[in-house]
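Have a look at the structure below before the remarks.
The values are calculated or read from the model by the stated rules, or taken from the named source; none is laboratory data. Keep in mind that this is a model prediction, so the values were computed, not measured. FYI the Cβ positions are ideal-geometry reconstructions off the backbone, even for glycines, and counts take in every protein chain you see. Only protein heavy atoms, including side chains, enter the accessible area calculation; ligands, DNA and RNA are left aside. Shrake-Rupley method; radii C 1.70, N 1.55, O 1.52, S 1.80 Å.
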Amino acid sequence: MARRKAFDELWGQGAGETARPGFEQLGDWLRETPVHELARRQAMAEAAFRSLGITFSVYGDEQAGERIIPFDIIPRLFTAAEWSGLSLGLEQRVRALNAFVADVYGPRHILKDGIVPEDIILGNPQFCIPANGAVPPHGIYTHICGIDIVRTGADDFFVLEDNARTPSGVSYMLENREAMLRLCPELFAQLEVQPIDTYPDLLRDMLYSVAPRGSHSPVCVLLTPGHYNSAFYEHSFLADSMGIELVEGRDLEVADDIVYMRTIEGKVRVDVIYRRIDDAFLDPLTFNPESGLGVPGLMAAYRAGNVTIVNAPGTGIADDKAVYSFMPEIVRYYMGEEARIPNVETFRCREPEALRYTLDHLEQLVVKLVDGSGGYGMLVGPTASKQQIADFRAALIAEPQRYIAQPTLALSTVPTLTDAGVAPRHVDFRPFVLSGAERVTIVPGGLTRVALEDGSLVVNSSQGGGTKDSLIIAGPVQAEQEEQHALPYSR
Amino acid sequence: MLSRTAANLYWIGRYMERAEFTTRLIEATLRLSSLSYGADAASATWESALAVVGRGPAPGQTAAPGATAFNVCRTLALDLDNPNSIRSCLSRARDNARSARNALSSEVWQAINRAWLDVGDRTSPGSVQHTLALIDSLKASSRGFEGALARMLRHEGFWFMRLGSAVERGDNSARLLDVKYYLLLPKGQKVGGVLDRDQWTAILHTVSARNAYRLFYRDTLKPWLVADLLLFRSELPRSVAGASAEVVDLLAEIGGRTGRQGEADRLARLRHSRLTDTNIDEVFRSGLHEFLKDYVAENARIDAAISQQFRFP
């Protein structure tokens, strides 16, 4: 199958000779740095990650134990203009998401106005009944959003997915930058890269800002399922960089709707829980009674307004695939303007016209189950067999409401170090958007995930994808440099 | 600090100390066995190393055949079925460190992680040369851990790790002295007889006290002086008295920071004052073995009191 020529982030549609405007220095750096030198530095970075224990565990594969996510030494670049456009769009989208979740667990205007069909929300497995009617402190639900963005051309960015529950990957964003600063200092000397190392401080400020009213110096904790969880490295990294306790469910207890943690000095009241466990495990009294990961009574404390849970229970409704298709309408409804970053075109098969189109174009589309995840229940038309297409056709006709369809996108590529030298590989991008009591903040960066196989669109780390640093170049207005005072050495 | 975290840190201290002690025990035994003539003597030497860590033959039983350098090194260093092997200790220390990672400096974490990576999935100690190379790298790892610890922030986490290693160290030295002293005693000979100086050197080697002995006693190797050094010279970090004093100080330090003092402090002070009120002659009069057995039991009581005092889960 002839592959469509994808847009390359560095070379545009060129052939590795002329960099796009604003990318010249990166192009020069890549031309001037020999491949064996890139490979040497990349090996050093990966050795450092292993020694630091920057790993993820693979479920159900005891032998595999811990792996490092492959790291690619060639960074991806955004110009200041590209970034400012993106960040406006991200802020708009996350504000709309928050308004939407507050609405569906509150007055439900958007359902009453017929913008989003009621059954898509109220009949949705992600609709969290115990969260209904509970208003989180400061009214914020999705405090941390990881919005997956793909690109197909110079000005064509699309949102692929809104990760509004417990998005992960931010530690890789930060560690990748640390590795790049050590290994490619000359690149940072040439480019004015905006710093991202303020992320833990911004996250901490956000957590403090959303504490229940009335607590002067709130106690914030990060709740992890424990060190066998695949993202445990990130949990400990974040707690560590924020200087907050990393707790497991068994470290917490609830008495009179107040959450406490068990310390060597006795019980300490907890105000904010940045949880990295799913709703279903939060509280065995409310959700899965089998789970030992959560804290009995936590939901009652939340409903009483005594503790902030970040992200709030029930935010899964915001990143559901069926709801995703309504995001353009949702943004328009709450923000009064068009979405700055569009969705990938999505056909809702529950609608007869969309179903007809989908059935007519199965060979060109990606068809997804609305309640599936991680590639389950998915048809990738261009690479599917005749039998698979026939099966999906039957399934679509039987239960059209369970499916959405999207065109297969020619994702942009970024030069990547491969066994055969530097070659283009497809990428996506996950920036992290923080919503606090007063403001929305976005650190100028994100996690670029790269498909390491030639032509592959699979960037998922559990399926062999890697990561890259994402550099955002400073705009024309620079922060003033603080004056430096050098202290003389004595002899 | 979370009680669970404090427990993890305390046990990191214990496991890292136990791993280092076992490393030194193997090293000293290798040295000793290369000096012994005949397979029987070498085998007895290796059996005594097993006995120190509580894996010798049960009382009244004869030793199983095959206490070879290779087998014993494998049991002590790499055997995951032995919960006290170096590999088991490092693996549990690392597990605890992962779980309590945000209470550790990244250097301490890396030192533990590196030690664990060094042993990796090795299951065979290989030739003596290979074993010695492994020992060198394990010793370097221990130094790396201690160096990283020394530069850690002086907060509860630091004190709990140190407390764990002090509790463990006293226990290890007492075991070493107990087993070696009696195993090395030739049949029919009274305590304090003339014993093979190489074997006493091996004991000193295990607690890295060869030069300390010369410095303090300016004498040839005398068993009761070795016992005196290992029991009472608090200048020696691995002595029983040195470890006991450290436990008292560390508990006071933690108490000063958290306001929690209690049974563990009381027991530790009591034990230390008993140690300072006695001397080697009295110990021999009342029985060295009984003395050491009491010490190890007292150590276990202090360990339990620490768990209770700080609400270890």
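Return a yes/no flag: does segment A:100-116 have any residue that is open to solvent by 30 Å² or more (accessible area, probe 1.4 Å), modelled with pLDDT under 95 and part of a helix (DSSP H, G or I). No, that holds for no residue. The set of residues in segment A:22-55 that are within 14 Å of chain B (Cβ to nearest Cβ) and in a loop (DSSP other than H, G, I, E, B) comprises A:Gly53, A:Ile54, A:Thr55. The single residue among A:Ala280, A:Ala239 that is surrounded by fewer than 22 Cβ atoms within 10 Å (Cβ to Cβ) and either touching a strand residue (DSSP E or B) at 6+ places or on another chain (Cβ under 9 Å) or not in a strand (DSSP E or B) (or both) turns out to be A:Ala280.
Looking at segment A:379-439, the strands (runs of 3 or more DSSP E) lying wholly inside it that each contain 1 or more residues that are open to solvent by 60 Å² or more (accessible area, probe 1.4 Å) sit at A:421-430. If the condition is being surrounded by fewer than 19 Cβ atoms within 10 Å (Cβ to Cβ) and either among the hydroxyl-bearing types (Ser, Thr, Tyr) or in a loop (DSSP other than H, G, I, E, B) (or both), then segment B:206-232 contributes B:Ser208, B:Tyr217, B:Arg218, B:Asp219, B:Thr220, B:Lys222.
Residue by residue through segment B:148-158, note down the ones that are more than 11 Å from chain A (Cβ to nearest Cβ), open to solvent by 30 Å² or more (accessible area, probe 1.4 Å) and touching a helix residue (DSSP H, G or I) at 6+ places or on another chain (Cβ under 8 Å). Selection gives B:Arg151, B:His155.
For segment B:284-301, state whether one or more residues are touching a residue at least 60 places away in the same chain (Cβ under 8 Å), more than 20 Å from the chain's Cα centre (by Cα) and either farther than 17 Å from B:Glu246 by Cα or open to solvent by less than 40 Å² (accessible area, probe 1.4 Å) (or both). Taking every residue of segment B:284-301 in turn, at least one turns out to be touching a residue at least 60 places away in the same chain (Cβ under 8 Å), more than 20 Å from the chain's Cα centre (by Cα) and either farther than 17 Å from B:Glu246 by Cα or open to solvent by less than 40 Å² (accessible area, probe 1.4 Å) (or both).
Within segment A:271-296, being among the β-branched types (Val, Ile, Thr) and closer than 19 Å to A:Pro137 by Cα holds for A:Val272, A:Ile273. Note on segment B:36-78: residues that are at pLDDT below 80 and over 21 Å from B:Asp198 (Cα atoms) amount to 12.
Return yes or no: is A:Leu222 under 30 Å from A:Gln25 (Cβ atoms), touching a residue at least 24 places away in the same chain (Cβ under 8 Å), of a type outside the set (Phe, Trp, Tyr) and crowded, with 17+ Cβ neighbours inside 10 Å? So A:Leu222 fails the test.
Residues that are in contact with a strand residue (DSSP E or B) (Cβ under 9 Å, 6 or more places away or on another chain), modelled with pLDDT under 95 and open to solvent by 50 Å² or more (accessible area, probe 1.4 Å) do not occur anywhere in segment A:323-332.
Of all residues in segment A:204-224, how many are within 14 Å of chain B (Cβ to nearest Cβ) and under 30 Å from A:Ile473 (Cα atoms)?
1
Just wondering, is there one or more residues in segment A:282-295 that are without any contact (Cβ under 8 Å) to a residue 12 or more places away in the chain and either within 12 Å of chain B (Cβ to nearest Cβ) or farther than 26 Å from A:Ile129 by Cα (or both)? Scanning segment A:282-295 turns up no residue that is without any contact (Cβ under 8 Å) to a residue 12 or more places away in the chain and either within 12 Å of chain B (Cβ to nearest Cβ) or farther than 26 Å from A:Ile129 by Cα (or both). Just to verify a result, which residue in segment B:104-140, among those that are within 13 Å of chain A (Cβ to nearest Cβ) and open to solvent by 60 Å² or more (accessible area, probe 1.4 Å), is nearest to the chain's Cα centre (by Cα)? The selected residue is B:Trp116.
Scanning segment A:225-236 for residues that are under 20 Å from A:Arg204 (Cβ atoms), at the interface with another protein chain (Cβ under 9 Å from one of its Cβ atoms) and open to solvent by 10 Å² or more (accessible area, probe 1.4 Å) returns a single hit, A:Tyr233. When segment A:147-202 is filtered for residues that are assigned to a helix (DSSP H, G or I), hydrophobic (A, V, I, L, M, F, W, C) and open to solvent by 10 Å² or more (accessible area, probe 1.4 Å), the ones remaining, listed by number, are A:Leu174, A:Leu181, A:Leu183, A:Phe188, A:Ala189, A:Leu202. Just one residue in the set B:Arg143, B:Arg101 is free of Cβ contacts under 8 Å to residues at least 40 places away in the same chain, surrounded by fewer than 22 Cβ atoms within 10 Å (Cβ to Cβ), more than 22 Å from B:Ala49 (Cα to Cα) and of a type in the set (Lys, Arg); that residue is B:Arg143.
Within segment B:245-265, being within 12 Å of chain A (Cβ to nearest Cβ), surrounded by fewer than 18 Cβ atoms within 10 Å (Cβ to Cβ), in a helix (DSSP H, G or I) and in contact (Cβ under 8 Å) with a residue 24 or more places away in the chain holds for one residue alone: B:Arg257. Scanning segment A:297-326 for residues that are part of a loop (DSSP other than H, G, I, E, B) and among the polar types (S, T, N, Q), we see that the one that is nearest to A:Gly139 (Cα to Cα) is A:Asn311.
Looking at A:Arg276, A:Arg250, A:Arg269, A:Arg303 in this structure, which one is out of contact with any helix residue (DSSP H, G or I) (no Cβ under 9 Å at 6 or more places or on another chain) and in contact (Cβ under 8 Å) with a residue 12 or more places away in the chain?
Testing whether each residue is out of contact with any helix residue (DSSP H, G or I) (no Cβ under 9 Å at 6 or more places or on another chain) and in contact (Cβ under 8 Å) with a residue 12 or more places away in the chain leaves just A:Arg269.
Here segment A:257-266 is the region considered, the condition is being part of a loop (DSSP other than H, G, I, E, B) and open to solvent by 40 Å² or more (accessible area, probe 1.4 Å), and the residue that is farthest from the other protein chains (Cβ to nearest Cβ) is A:Asp257. Quick check on segment A:243-256: of everything there that is more than 9 Å from chain B (Cβ to nearest Cβ) and either in contact with a Phe, Trp or Tyr (Cβ under 9 Å, 6 or more places away or on another chain) or open to solvent by less than 10 Å² (accessible area, probe 1.4 Å) (or both), which residue is nearest to A:Val219 (Cα to Cα)? Here the answer is A:Leu252.
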